[in-house]
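Taking it in order: structure first as structure tokens, then the write-up.
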Amino acid sequence: MKEFDPEDVETRVTDRLVKTAVSPRPIAWVSTAGENGVDNLAPFSSYNYVGSRQPIVTVHTSRREGGDLKDTARNAIDTGEFAVNVVTEATLEAMDRTAEGLPPSESEFDFADVPRAECRSIDPPRVANAAVTMECTLHDSIEIYDRVMLLGDVTYFHVAESVTTDGEIDARKLDTVGRLGGPYYTVSEPMEFEREY
Ligand SMILES: Cc1cc2nc3c(=O)[nH]c(=O)nc-3n(C[C@H](O)[C@H](O)[C@H](O)COP(=O)(O)O)c2cc1C
């Protein structure tokens, strides 16, 4: 086995180790509204959920060079709202384009030609052709070293009919995309597994 002590290697190495070991990672395509009136859209694979009874999702972001918050974190903290759009094979390329580091005065919705739709319970737009969107209000934000973690209470779900069976969301139809370490995405190939307990 190769062994690594994080204290002894460059950040590039620990970054590669963590992001490859923790994979595939789901991708939150987060839409927010800026206080300047410009909406924002960006992908984050440091994404998961905390609970499903009172559904909470988490996303965390690094800072820009110089220490400024990324637009997503700043908007979510300023307005207390964000939406998490689920990334599928159909929206993979557009999602990737929205990772461009645009200034706060420009919207990635326009930059990447992503269609908007209105949310029900919050102001930011959602991605109109996302198979699933979760509208969130900010539960809390936590600083962890140089990162900011956002926790969002899910206040509303949108689910496309095309990914349901008998009215319920169906993992076999969703085609979610995940992120691996390095320059790789992965697509879903559901494997049915009869659990014994
Ligand atoms: C698939 C994918 C996943 C990403 N995940 C993260 C992440 O977890 N944290 C992060 O800080 N940046 C992540 N990025 C980079 C951000 O999307 C990028 O910095 C973006 O410009 C942030 O936009 P904003 O300033 O509008 O919020 C990711 C990029 C891609 C393509």
**Request:** Sort out which residues of region 69-96 are over 14 Å from the mean Cα position of the chain (by Cα), within 9 Å of the ligand (Cβ to nearest atom) and outside any strand (DSSP E or B), and write them in order of number.
**Result:** Arg74, Asn75
**Complete:** Scanning region 54-66 for residues that are in contact with a strand residue (DSSP E or B) (Cβ under 7 Å, 6 or more places away or on another chain) and within 16 Å of the ligand (Cβ to nearest atom), the one nearest to Tyr156 (Cα to Cα) turns out to be Val57
**Asked** Which of (1) hydroxyl-bearing (Ser, Thr, Tyr); (2) in a strand (DSSP E or B); (3) over 22 Å from Gln54 (Cβ atoms) is the odd one out, the single condition Ser105 does not satisfy?
**Response** (2)
**Request:** Filter region 12-53 down to residues that are away from the ligand (no atom under 14 Å from the Cβ) and part of a strand (DSSP E or B) and give me whichever is most open to solvent (accessible area, probe 1.4 Å).
**Result:** Tyr49
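Might you let me know whether region 135-150 holds any residue that is in contact with a helix residue (DSSP H, G or I) (Cβ under 7 Å, 6 or more places away or on another chain), surrounded by fewer than 16 Cβ atoms within 10 Å (Cβ to Cβ) and modelled with pLDDT of 95 or more?
At the first step, the residues of region 135-150 found to be in contact with a helix residue (DSSP H, G or I) (Cβ under 7 Å, 6 or more places away or on another chain) are 138, 141, 148, 150.
Of the ones still in play, those that are also surrounded by fewer than 16 Cβ atoms within 10 Å (Cβ to Cβ) are none.
No, region 135-150 has no match at all.
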**Request:** Working only within region 157-197, note down all residues that are touching a helix residue (DSSP H, G or I) at 6+ places or on another chain (Cβ under 8 Å) and among the aromatic types (Phe, Trp, Tyr).
**Result:** Tyr185
**Item:** Residues (modelled with pLDDT of 95 or more and either more than 8 Å from the chain's Cα centre (by Cα) or at positive phi (or both)) located in region 41-53
**Value:** Leu41, Asn48, Tyr49, Val50
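The values are calculated or read from the model by the stated rules, or taken from the named source; none is laboratory data. For clarity, every value in this text was computed on a predicted model and none was experimentally measured. Methodologically, a virtual Cβ is constructed for each residue, glycine included, from the backbone with ideal geometry; neighbour enumeration extends over all protein chains shown. When the accessible area is computed, the model is the full protein with side chains, heavy atoms only, and any ligands, DNA or RNA have been set aside. Shrake-Rupley method; radii C 1.70, N 1.55, O 1.52, S 1.80 Å.
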